[in-house]
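What follows is a short report on a single structure.
The values are calculated or read from the model by the stated rules, or taken from the named source; none is laboratory data. What you see is a predicted model, and the numbers here were worked out from it, not measured in a lab. Cβ coordinates were reconstructed from backbone atoms using ideal geometry, including for glycine residues, and neighbour counts include every protein chain displayed. Just so you know, the surface numbers come from the protein's heavy atoms only, side chains and all, with ligands and any DNA or RNA stripped out. Shrake-Rupley method; radii C 1.70, N 1.55, O 1.52, S 1.80 Å.
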Amino acid sequence: MTELLKNVEGYHLKQGIQKLHSRQLYSSWGDLDFILRYFPNHPHGLMAMGDLCEVWRTPQCNMRLYLDNAIRLSPENPSIYLTQGVYLQRRGKLNEAIESYKKSLELDPSSANTHYNIGLAYVANKQYQLANEHAQKAYSMGMPFPALKTKLVAAGAWKVIEQPPVVAESATNENAEGAKVPEAANAPANTEDGVK
């Protein structure tokens, strides 16, 4: 982690999130915008900005622009498409969210988090067979959150499918090209209950 990234996170990320929770929206935007100007593909910065833009509906908080910048700079980064999917799903744009999740899975098919989130999107879209397939993959990879399974059981769509053994993600946090990935890129995008 570079010194600049440490400083940006240390002085702006936690503070921006705290300000968001205390409804200091303009000030929160200032901190999060600062992070995304220096690191446009910062996963936690993007997620926090998405949360802020959900609450603070102003042209100044243009999440599409932040996501487009991140994708333009790192088109092969699966966590950006995952973040975009979560944002779109929260906005009720399920088909667009599913397309973002699919792109994330093209780049990283071993992401339990992405399988879990696309499963939630398919449940919301009443595409239970696809939801179950992704749920089985997510849980076989160690996903601990029960919400997806609970929703499938309630819909009568939970069916165990034997999965081949999955190779765990590298503990060194390297992407496919061997470059270091920030710890945050591997963090779950959602709470236990899924997208809210």
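Annotations for the structure displayed:
- For residue 100, the solvent-accessible surface computed with a 1.4 Å probe is close to 10 Å², ligands and nucleic acids excluded.
- Across region 58-160 the C-alpha pair distances fall into 10 Å bins from zero in the proportions 17, 46, 27, 9, 1 percent.
- Bins of 5 Å, starting at 0 and running to the largest distance - Cα pair percent for region 91-143: 5, 25, 33, 26, 11, 1
- Taken over the alpha carbons of region 1-55 as equal point scatterers, the Debye sum produces base-10 log I(q)/I(0) values at 0.16, 0.25, 0.29 Å⁻¹ of -0.38, -0.89, -1.16.
- Residue order for 68, 51 - accessible surface, 1.4 angstrom probe, largest first: 68, 51
- Members of 14/159; 102/159; 6/126; 19/93; 93/151; 19/126 lying beyond 31 Å, as alpha-carbon distances in this model show: 14/159; 6/126; 19/126
- The trypsin sites (Lys or Arg not before Pro) of region 97-130 that DSSP puts in a loop, and whose beta carbon has at most 13 other beta carbons within 10 Å, are 126.
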